[in-house]
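To start, the structure under review is shown below, and the notes come after it.
Every number here is computed from the coordinates shown, using simple stated rules; none is lab data. Owing to the predicted nature of the structure, the values given are computational and were not obtained by experimental measurement. Glycine also receives a Cβ, built like all others from the backbone with ideal geometry; neighbour counts cover every protein chain displayed.
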Amino acid sequence: MKTAVVTGASKGIGRAVAEALAREGYDLALGARSIDLLKGLAEELTAKYGVRVFYDYLDVSRNESVEEFAGKVLEEFGGVDLLVANAGIPMGGRLDELSNEDMERVLQVNTLGVWRTVKAFLPSLKERRGTVAVVTSYISTMILPNAGAYVASKWASRALTKTFQAENPEVKFIELRPGMVDTYFYGRPGRKIEEGFMKPEDVAELLIALLKLPRHVLVEEVLFRSVY
Ligand code: NJP
């Protein structure tokens, strides 16, 4: 039985990824701040798929929280085979109008959150020759005025992902770069494919397909979006 860690598992893409992995037979360690949502999801997935689901509070913007979460997960499962570093927040606004707090917050979650989560699980992932999927964005090589802080956070997490890969060839790092996905990222879900949105399940199914490739095949990144 393989073990997967999913950050930002309470909603949106992370939640859909957790369900798809459970269906595929992975034991799960789920992290996010909304512990009530994680509890409900864990109960649902255990009942439906019979897999082991551990969940705990996780704030990827804080070192102590990530270290504590990783310690508990490794104690619970003994090691991990897959890490899905998905937790992230949006941030709009012109760079010259953005507050210090907002700039620091988006970098803490989207960039440093990825770095500290991968770092915490890396020894185990290396031991198991595992896989890390980092959810960055289609924007991770592009420029979008009025979203500069978010864009910079995703360019930086792309750079972290590729540097981790270069430094750790035993682990496979996949950068997932979705276009728009119908999640809480845009307020409340309910957007349509005709408006250019994918479903969170589309991202999850793409990841499952990638995980089914032979061990020696590395897909470094996937840029994908909705068509209609
Ligand atoms: O968004 P949403 P998505 N510590 O808001 C968690 C990227 N992306 O699923 O802590 C730990 O439904 C939050 O949980 P909670 C995007 O940048 C999206 O769309 O309980 N967890 C929730 O589970 C992000 O990296 C689109 O509030 C934290 C989850 O993150 C990823 O996809 C397009 C946290 C967010 O769920 C998932 O976002 C694109 C923290 N400090 C890239 N802060 C898109 N939706 O269109 C938040 O290119 N979370």
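What is the chain by shape, rounded, prolate or oblate, if you read a ≥ b ≥ c off the alpha carbon gyration tensor as root eigenvalues and call it rounded for a/c under 1.5, prolate for a/b larger than b/c, and oblate otherwise? Here the chain falls in the rounded category.
For each of 1, 91, 103, count neighbouring Cβ atoms within 10 Å of the residue's Cβ, then give the residues from fewest to most.
Details: 1 9, 91 20, 103 17.
Placing the least packed residue first, the sequence is 1, 103, 91.
With neighbours defined as other Cβ atoms within 10 Å of a residue's Cβ, the residues 81, 182, 102 order from fewest to most as 102, 81, 182. Restricting the GluC sites (Glu not before Pro) of region 155-228 to loop positions (DSSP other than H, G, I, E, B) with no more than 14 neighbouring Cβ atoms within 10 Å leaves 170, 220. Set the bar at 18 Å for Cα to Cα. Now go through 119/172; 48/72; 39/192; 2/212 and name every pair that lies beyond it. Checking Cα-Cα distances, 48/72; 39/192 exceed 18 Å. Specify the angular offset, from 0 to 90 degrees and rounded to the nearest 10, of the alpha carbon long axis of helix 12-23 from the longest principal axis of the alpha carbons in the chain. That works out to roughly 20 degrees.
Separation of region 122-161 from region 170-218 is 13 Å, based on Cα centroids. Using only the alpha-carbon atoms, how far is helix 63-77 inclined from the longest principal axis of the chain? Give it as 0 to 90 degrees, nearest 10. Orientation of helix 63-77: about 30 degrees from the principal axis. To the nearest ten degrees, helix 200-211 and the longest principal axis of the Cα atoms of the chain are 50 degrees apart.
Looking at region 3-224 alone, DSSP beta bridges between its own residues are antiparallel in about 0 percent of cases.
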